[in-house]
1. Residue check, residue 134 against (1) touching a residue at least 12 places away in the same chain (Cβ under 8 Å); (2) surrounded by fewer than 10 Cβ atoms within 10 Å (Cβ to Cβ); (3) of a type in the set (Gly, Ala, Ser), all met but one. Which one?
2. Test residue 82 against the criterion of being β-branched (Val, Ile, Thr), closer than 30 Å to residue 117 by Cα and either touching a strand residue (DSSP E or B) at 6+ places or on another chain (Cβ under 7 Å) or surrounded by 11 or more Cβ atoms within 10 Å (Cβ to Cβ) (or both), and give yes or no.
3. Considering each residue of the stretch 2-20, count those that are surrounded by 13 or more Cβ atoms within 10 Å (Cβ to Cβ), more than 15 Å from residue 98 (Cβ to Cβ) and not hydroxyl-bearing (Ser, Thr, Tyr), and give that number.
4. So which pairs qualify, if the first residue must be in the stretch 48-59 and modelled with pLDDT of 75 or more, the second must be part of a helix (DSSP H, G or I) and among the polar types (S, T, N, Q), the Cβ gap must be under 8 Å, and the two must be at least 6 apart or on different chains?
5. With the structure loaded, tell me whether residue 92 is under 20 Å from residue 3 (Cα atoms), within 34 Å of the chain's Cα centre (by Cα), among the small types (Gly, Ala, Ser) and surrounded by 10 or more Cβ atoms within 10 Å (Cβ to Cβ) or whether it fails that test.
6. With respect to residue 35, is the statement that it is among the aliphatic types (A, V, I, L, M), in contact (Cβ under 8 Å) with a residue 12 or more places away in the chain and assigned to a helix (DSSP H, G or I) true?
7. Determine whether the stretch 9-31 contains at least one residue that is more than 19 Å from the chain's Cα centre (by Cα) and of a type outside the set (Asp, Glu).
8. Listed residues 23, 30, 8, 77; which is closer than 27 Å to residue 92 by Cα and at pLDDT below 95?
Amino acid sequence: MTKWAASLIRISNHEVETLQKRLSEVVDRLEAAEMRVVLMDAEAEAEFKRAEGDASSGWYMIGYRKGLQVRRAEALLEIDQIRIEETGARDALSVAFENLKKYEHVAETAKAALAKKVGKMEMAALDELGLRRAAMGR
């Protein structure tokens, strides 16, 4: 394999690994954001159950519900933004992986062409050796 092909493959491998780490981080953030929404919903359910038995907490529940709606909407917006980022990260990783495979294919083709060229040179050398032996034997 030529130096340039090895360098391209090494750089492309690094890019793929970097993008895989980025995608992993984005997916972790998405899972955390989704978990916050689930916890928020569970907390709200518990708060509503607690408020059912207490008549004086009814006034506080109005503010709590509005606050919950705002926090939940912000969390869902964050989830949507992270999903968009995840799509971009997956696309970038796909492109980087395709480029890596192209470079590997070019390197393999160059390696095969070099092996073929070496084989031809060896055959030519053996043919010449055979012709010289035949000429000396006459």
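1. Exception for residue 134: condition (1).
2. Judged against the criteria, residue 82 is not a match.
3. So the count comes out to 1.
4. 50/57; 51/57
5. Considered against the rule, which asks whether it is under 20 Å from residue 3 (Cα atoms), within 34 Å of the chain's Cα centre (by Cα), among the small types (Gly, Ala, Ser) and surrounded by 10 or more Cβ atoms within 10 Å (Cβ to Cβ), residue 92 comes out as no.
6. No, not satisfied.
7. No, the stretch 9-31 contains no residue that is more than 19 Å from the chain's Cα centre (by Cα) and of a type outside the set (Asp, Glu).
8. Matching residue, one of 23, 30, 8, 77: 8.
The values are calculated or read from the model by the stated rules, or taken from the named source; none is laboratory data. Every value quoted in this text rests on a predicted model; they were computed, and no experiment measured them. Positions of Cβ are backbone-derived with ideal geometry, glycine not excepted, and every protein chain shown enters the neighbour counts.
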